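All of the numbers you see were taken from the coordinates with simple rules; none came from a lab. Keep in mind that what you see is a predicted model, and the values were worked out from it rather than measured. Glycine also receives a Cβ, built like all others from the backbone with ideal geometry; neighbour counts cover every protein chain displayed.
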Amino acid sequence: MNSTLLSLEEAQARLIALAPTLPEMRVDGPAAFGAYLSQDLIANRTQPPADLSAMDGYAICGEGPWIRVGESRAGLPFDGALEPGDCVRISTGAHMPDGADRVLIQENASIDAERVALANGEAGPAPGAHVRFAGFDFMKSDVVLRKGTRLGPAQIALARAAGYDSLPVFDRPGTAVLDSGDELASDAARCGPFQIPASNGAMLAAMLSPYTGLVENLGPVGDDMDALAAALAKANGHILVTSGGASVGDHDLMQDALKAWGAEINFWKVAIKPGKPLMVATKERDWGQQVILGLPGNPVSSFVTAFLFALPLVRAASGDTDPLPKHTMRVAAEDLPATSARHEFLRGVSDGREVRLAGSQDSSALMALAQANCLISRPPGANPVRAGQLVPVHNLQNG
């Protein structure tokens with residue numbers, strides 16, 4: 001194993017290439033929430049299936065005034081055709097009757113028994129006014145959703161409208177997290193004098209669960225080879241994310257424990273700050289290859305590396321075809337220093353236009369991390385940034 005620091009981009013590419021390929025399955029629409037489509041979704045029907053009214057009013061034929069000859073309601077269309085001078089009362093979403101090509105909205109109509117005319121001062125609607133024409137949303141055989149699309153409420157609604165009760169999706173990867181360290185107390189309300197609450201396992205599980213479902217928490221585990229071996233023996237999922245013990249201190253045992261377990265270290269150390277001692281390993285199982293991602297133990301380092309590596313890995317395994325975090329540009333509200341040879345990620349607070357630092361940038365500062373809503377991305381060897389200049393940021397709410 002080469003211990004030379006990898007660039008962020010090379011490390012992410014190597015990790016994504018290891019993402020397990022999971023089987024396809026079909027699930028009912030609502031149960032597909034959060035899953036990724038395993039194939040293009042081809043519309044089984046046209047939407048709308050016919051010309052429909054976009055407003056409440058009167059479907060008219062010819063120039064007014066008009067005589068009302070019936071009604072068209074959503075689900076109960078007018079049975080007949082209109083002649084010039086005819087109209088029907090029509091509801092939003094109702095079928096346009098034959099012979100009508102526009103809708104006079106009710107606010108612009110003057111009604112006298114069955115006679116309908118333009119209200120004083122109102123101009124007549126133009127042809128096609130307030131009509132949703134057949135197929136304006138999509139046509140039968142159109143691709144309405146692409147393979148790799150993550151299914152949210154709007155996508156599930158579109159799939160239903162396209163004629164699908166169940167959807168083809170990729171299965172979600174089984175995932176476990178394991179935080180380690182003698183100083184970690186499993187009961188946050190009962191810490192000994194030399195302990196701190198174990199927070200990384202809960203943090204990582206919360207980050208990953210929207211993409212992978214239930215995340216098994218195997219920790220915290222002390223800095224002990226036997227205890228680590230016992231915990232690793234329980235890690236049977238596709239992906240294992242560890243936190244702590246990945247560095248080179250006397251009590252950093254995770255690498256040795258993984259090797260003793262039969263895992264092979266793929267790479268170690270990435271040129272990022274925080275998070276340099278990131279480690280990736282694999283283990284051959286009877287069902288395929290298990291991917292192990294070893295994160296640093298400091299909470300901010302663990303969070304940042306999980307955002308940059310664990311989330312993309314889980315998304316890629318779930319079927320996302322573009323799993324890496326996206327960035328947008330914000331105006332720096334304060335000066336930022338030049339960077340060294342590592343890619344730095346600063347915790348920031350953005351109002352949607354400007355961004356400023358979120359307090360302490362120490363890798364153990366959870367208060368500042370909790371206040372941050374973005375990461376300011378500072379490439380290696382970057383010049384200082386002056387207030388008012390644009391900087392790239394990653395929004396922490398949507399990856």
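How big, in percent, is the set of alpha carbon pairs in the chain lying more than 37 Å apart?
So the pairs more than 37 Å apart make up 44 percent of the total in the chain.
Run the numbers for Ser340 and Gln371: contour at 0.36 nm per residue of separation, minus the present Cα-Cα distance, in nm.
In short, 8.6 nm is gained.
Using only helices, what value at 222 nm comes out for the chain when you add -39,500 (n - 2.57) per DSSP H run of length 4 or more and divide by the total residues, to the nearest 500 deg cm²/dmol? Intermediate values should be presented prior to the final figure.
Numbers: 8 runs with 69 residues, N = 399.
The per-residue figure over the chain is -5000 deg cm²/dmol.
Provide the net charge surrounding Asp320, with neighbours chosen by a C-beta distance below 14 Å and charges set as Lys +1, Arg +1, Asp -1, Glu -1.
Summing Lys and Arg as +1 and Asp and Glu as -1 gives +4.
In region 29-67, whose amide N lies under 16 Å from the spot 7 Å out along Cα-to-Cβ of Asp137? List them in ranges.
Under 16 Å, as judged by backbone N against the label point of Asp137, lie 42-55 of region 29-67.
So, in nm, how far is label Leu76 from label Asp362 when the simple model puts each one 7 Å beyond its Cα toward the Cβ?
About 7.2 nm separates the two model spin labels.
What full-extension length gain, to one decimal in nm, is calculated for Ser186 and Ile42 as 0.36 nm per residue of separation minus the Cα-Cα distance? Don't skip to the end; give the middle numbers.
Values: separation 144, 0.36 × 144 = 51.84 nm, distance 4.91 nm.
Full-extension gain reported as 46.9 nm.
Label Ala50 and Asp256 with points 7 Å out from Cα along Cα→Cβ: what is the distance between them in nm?
So the label points at Ala50 and Asp256 sit 7.8 nm apart.
How far is helix 8-17 tilted off the main Cα axis of the chain, in degrees rounded to 10, range 0 to 90?
70
Could you pull out every residue, at least 5 positions away or on a different chain, whose amide H is within less than 5 Å of the one on Asp86? Hs are placed 1.01 Å off N in the peptide plane, and Pro or chain starts have none.
For Asp86, whose amide H was placed from the backbone, the distant partners under 5 Å are Cys61, Ile67.
Taking Cα centroids, how far is region 286-304 from region 103-165 in Å?
Cα centroid to Cα centroid, the span is 49 Å.
Take every Cα-Cα pair in region 328-395 and report what % of them are more than 14 Å apart. List each step's numbers first, then the result.
Numbers: 1197 of 2278 pairs.
More than 14 Å apart: 53 percent of the Cα pairs in region 328-395.
Lys pairs in the chain, Cα-Cα under 20 Å, at least 8 apart or on separate chains: how many?
Lysine pairs meeting both conditions in the chain amount to 7.
Quick one: which of 328-335, 116-123, 212-219 comes out on top by average Cβ neighbours within 10 Å, and what's the full order, highest first?
Listed from highest to lowest mean packing, they are 212-219, 328-335, 116-123.
Hey, fewest Cβ within 10 Å first, where do Trp287, Trp261 land in order?
Trp287, Trp261
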